[in-house]
Amino acid sequence: MFKEVFGLFIIYILLVIFVMVGVAFLTLLERKVLGYIHVRKGPNKVGFVGILQPFSDAIKLFTKEQTFPFLSNYLCYYFAPVFSLFLALLVWFVMPYFTGLISFELGLLFFLCCTSLGVYTVMIAGWSSNSNYALLGGLRAVAQTISYEVSLALILLSFVFLIGSYNLVKFYDFQIYIWMIFFTFPLAMVWFTSCLAETNRTPFDFAEGESELVSGFNVEYSSGGFALIFLAEYASILFMSMLFCIIFLGSDISSLMFYFKLSFISFMFIWVRGTMPRFRYDKLMYLAWKGFLPLSLNYLLFFMGISIYLFFLLV
């Protein structure tokens, strides 16, 4: 028993290390891609063609002096970024290992729980610094995250009815011959857009965008605290890309092609940032409640109907 638990612990530590390295190079990819979109080079001085730039940034951020607002709620302010990164890494538990190492039956429910808890870290980070700007940014981020989580949950529920399980491994069995994206393309687009809103990315980066805000809920954070929030956001982007590939693009994680697909979806997050203008806040809410919610509900009812029909057909 002890050996099994210790083995799982070592595997998860390795997974966290690889995710952190992936996040480091995702930031480099973003700066390079945005550089070429802007017709410039991007980072190219540190190391060979700028490959060590993320590590240079990490050293700079974590060695800077930590500052705390005088009127902040110290403990909440200090631990909010820590819990944010913890949740962003914890959700990687649902990655479907076919060897049965960590993956478990209720993976999709676990994912929804972790993403819902992520809302609280944003809210506490915005509130605890006792700054009006941070609080306003936090409220905006929380409102949009809650709005788009509804669509995400309904889309996942549609696939639960179709597949009959919360286990992500089942997606591999159902996509051996054809990928889900071919017959649920509108859902794939809604899922991708909701992922952009969920991770506070352009064109939905209201938490850090409007003229009256400086940098959203993280405006009072510097050095290590800012770095942890930054790492949590990019770890979430990588995870959402991985989940998109598992649900819509086949999920054989033992093949090299899976990681090319994951890299392409991550690249699309950056591509959207370089090309799309920011939405207006009321249009963001209108899109969530009047656009995506009815579409997700219709697909949910459609998949429920298919499941019930197949059940009676087989019985």
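GNM on the chain, alpha-carbon springs under 10 angstrom: the most fluctuating residue among PRO277, PRO186, PRO81 is PRO277.
Could you tell me which helices of the chain pass both thresholds, a Cα extent of 20 Å or more along their own axis and a mean Kyte-Doolittle hydropathy of at least 0.5, with helices taken as whole DSSP H runs?
Both cut-offs are met by 2-37, 74-90, 107-128, 132-163, 223-248, 256-275, 293-314.
Once the other residues with Cβ under 13 Å from the Cβ of PRO96 are scored (Lys, Arg +1; Asp, Glu -1), what is the net sum? Residues close to PRO96 contribute a combined charge of -2. Our helix-only sum for the chain, with -39,500 (n - 2.57) per DSSP H run of n ≥ 4 divided by its residues, gives a mean residue ellipticity at 222 nm of -23000 deg cm²/dmol.
Grab the Cα-Cα distance for PHE260 and TYR286, subtract it from 0.36 nm times how many residues apart they are, and report the gain in nm with one decimal.
Working it through step by step, the gained length comes to 5.9 nm.
Between PHE25 and VAL150, the distance separating the two model label sites (each 7 Å from Cα on the Cα→Cβ line) works out to 4.0 nm. What FRET efficiency do you get for LEU90 and PHE6 if R0 is 22 Å and r is their Cβ-Cβ distance, rounded to the nearest 0.05? Rounded to the nearest 0.05, the efficiency is 0.70. Considering the chain as a Gaussian network with a 10 Å cut-off on Cα pairs, which listed residue, LEU15, LEU196, LEU71, attains the greatest mean-square fluctuation? Per the Cα network of the chain with a 10 Å cutoff, LEU71 tops the list. Only sites in a loop by DSSP and with at most 15 other Cβ atoms within 10 Å count here; which GluC sites (Glu not before Pro) in segment 1-86 make the cut? Hits after loop and neighbour filter: GLU65.
From the P(r) of the chain, can you give the percent of Cα pairs sitting at distances over 27 Å?
46 percent
With a threshold of 32 Å on the Cα-Cα distance, the over-threshold entries among LYS41/LYS283; LYS41/LYS64; LYS64/LYS261; LYS41/LYS261; LYS3/LYS60 are LYS41/LYS283; LYS64/LYS261; LYS3/LYS60.
No lab work stands behind these numbers, since they all come straight from the coordinates. Everything quoted here is computed from the prediction, not taken from an experiment. Cβ: placed from backbone, ideal geometry, glycine included. Neighbour counts: every protein chain shown.
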